Amino acid sequence: KMSKSIGNIISPDEMIEKHGADVLRYYMCQTNAGQDVRFSWDEATLKGRYLKILWNVHKLLINLSKENKFNPFKLDVKKFAPEEKYILSKLNSTIKKVTDLFDEYHFDETIAPMEELFLELSRVYIQIIRDKSVLGSVDEKKAVVYTIGYVMFECLKMFNIIAPFVCEAIYLNLKDEFGLKEESISHYSWPEVDKKKIDVKLEEQMEIAQHVITAAAYARERSQLGLRWPVSEVLVVSDKENVAEALEKLQDIIKKQTNSKDIKLVKSVPKGEFADAESKAGNV
């Protein structure tokens, strides 16, 4: 708790000098007007890291576009893999949610879904397409460049309200690189939701897939087996139907991300059998 008598007050200028005006807005706007401000330098630093992630996504887009001589804003892509459909669904779900929150004047609640969107773009989608962006076919590379560009650009239109300086800097770089017409990101209209692209079930399945990938990475760590070493199979223990559906639909993604040859769903695993499999480091 800050107190003038104690002298532990942190001024906005101090925050801006250390992290920039965007981090101040980004961090403070998540506090409801009727609530006390709970300030933490660690949390403010984390917000700064998130803005760097957004910055790095736009640099990746420019690099991929240069390497393949594509303009992401002039590509006409009609065929998408599940990973593209997922992040496009996530984008439109976010636009709908954030728009509804603004319409209802829940301003402080708008930041979390926007933050989640660009973090998912970086940590989930871009991780999935790394190999495809380099070794994929021309159509696959076009889909990747288009998707990153489209999702990030629509995100900028929303997030510009929260972090105007970094969003404007990113936009001006995109404008110079790809010949965009508007002078500023703030000149664009609020993005419109395309409800046809929202696939709630696919979003849920991708969330399950990410849990499996995380669990497999943890099992590898316990077995001291690096990701570069392939494993014969990953055993997923569950009796839930939605897990079975997710594994069936997204098994190619899971196998690539876990570097495994097969994904098997079982309802239970005897303790002795699991211990033996783990000790051999052949199964996860």
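No value in this document is a laboratory result; all are computed from the given coordinates. Only a predicted model underlies this, so the values are computations on that prediction, with no experimental measurement involved. Don't worry about glycine lacking a Cβ; one is built from the backbone with ideal geometry, like all the others, and counts go over all protein chains shown.
Can you pull the Rg over Rh of the chain, Cα-only, Kirkwood?
On the way: Rg = 21.8 Å, Rh = 21.3 Å.
So for the chain, dividing Rg by the Kirkwood Rh gives 1.02.
Given K69/K261; K96/K261; K142/K195; K47/K196; K78/K264, which pairs have Cα atoms separated by over 29 Å?
Numbers: K69/K261 34 Å; K96/K261 38 Å; K142/K195 23 Å; K47/K196 32 Å; K78/K264 32 Å.
Cα-Cα > 29 Å for K69/K261; K96/K261; K47/K196; K78/K264; rest within.
Which is farthest toward the positive dipole end of the chain among L202, Q257, M158, measuring Cα position about the Cα centre, with Cβ charges +1 (Lys, Arg) and -1 (Asp, Glu)?
The one lying farthest along the dipole's positive direction is Q257.
Compare the peptides 39-48, 245-254 by average per-residue count of other Cβ atoms within 10 angstrom and give them in order, highest first.
In descending order of packing, they fall as 245-254, 39-48.
Put +1 on the Cβ of every Lys and Arg and -1 on every Asp and Glu Cβ in the stretch 61-112; which of V77, L101, L91 then has its Cα farthest towards the positive end of the dipole?
The Cα lying farthest towards the positive end belongs to V77.
Name the residue farthest towards the positive end of the dipole of the chain from the options Y188, T147, S40, assuming +1 on Cβ of Lys and Arg, -1 on Cβ of Asp and Glu, about the Cα centre.
With unit charges placed on the Cβ atoms, the residue in question is T147.
How big, in percent, is the set of alpha carbon pairs in the stretch 111-157 lying more than 14 Å apart? Please list the in-between numbers first.
On the way: 558 of 1081 pairs.
Looking at the stretch 111-157, the distances longer than 14 Å represent 52 percent of pairs.
Where nothing but the Cβ of Lys and Arg (+1) and of Asp and Glu (-1) is charged, how large is the charge dipole of the stretch 93-221 around its Cα centre, in debye to the nearest 20?
Magnitude of the dipole: close to 520 debye.
Once the Cα gyration tensor of the stretch 138-183 is found, what semi-axes does its equivalent ellipsoid get, as square roots of 5 times the eigenvalues, in whole Å, sorted largest first?
Numbers: eigenvalues 93, 34, 10 Å².
Computed over the stretch 138-183, the values are 22, 13, 7 Å.
With only Lys, Arg, Asp and Glu charged, each at its Cβ (+1 for the first two, -1 for the last two), find how big the charge dipole of the stretch 82-141 is about the Cα centre; round to the nearest 20 debye. Let's see the in-between values first.
Working: 8 positive and 13 negative charges, 70 e Å.
For this selection, approximately 340 debye.
Return the inverse of the average 1/r over all pairs of distinct C-alpha atoms in the stretch 104-227, which is the Kirkwood hydrodynamic radius, in Å to one decimal. Working shown, then result.
Values: mean 1/r = 0.0585 Å⁻¹.
It works out to 17.1 Å.
Using the Cα centre as the reference, give the magnitude of the dipole from point charges on the C-beta atoms of the chain (Lys, Arg: +1; Asp, Glu: -1; all else neutral), rounded to the nearest 20 debye. Present the calculation step by step, with values, prior to reporting the outcome.
On the way: 42 positive and 45 negative charges, 166 e Å.
Here the size comes out at about 800 debye.
Return one number: the angle in degrees, 0 to 90 and rounded to the nearest 10, between the long axis of the Cα atoms of helix 164-178 and the longest principal axis of the Cα atoms of the chain.
70
Any idea what diffusion coefficient the stretch 2-117 gets from Stokes-Einstein, in µm²/s, Kirkwood Rh on alpha carbon pairs, 4 °C, 1.567 mPa s?
Using the Kirkwood radius from Cα pairs, D works out to 75 µm²/s.
Can you compute the helix-only [θ] at 222 nm over the chain? Use -39500 (n - 2.57) per DSSP H run of at least 4 residues, normalise by all residues, nearest 500 deg cm²/dmol. Don't skip to the answer; put the middle values down first.
On the way: 11 runs with 171 residues, N = 284.
Mean residue ellipticity, 222 nm, calculated: -20000 deg cm²/dmol.
What's the percent breakdown of Cα-Cα distances in the stretch 163-217 across 5 Å bins, shortest bin first?
Spelled out per bin, shortest first, that is 4, 15, 14, 11, 9, 12, 19, 12, 4, 0.
Can you compute the radius of gyration and Dmax for the stretch 49-162, using only the Cα atoms, both in Å?
Values for the stretch 49-162 (Cα only, Rg and Dmax): 14.3, 46 Å.
Give me the net charge for the shell around E177: Cβ to Cβ below 11 angstrom, other residues only, Lys and Arg +1, Asp and Glu -1. If you can, show how the numbers build up before the last one.
Working: positive: K59, K66, K175; negative: D176.
Summing Lys and Arg as +1 and Asp and Glu as -1 gives +2.
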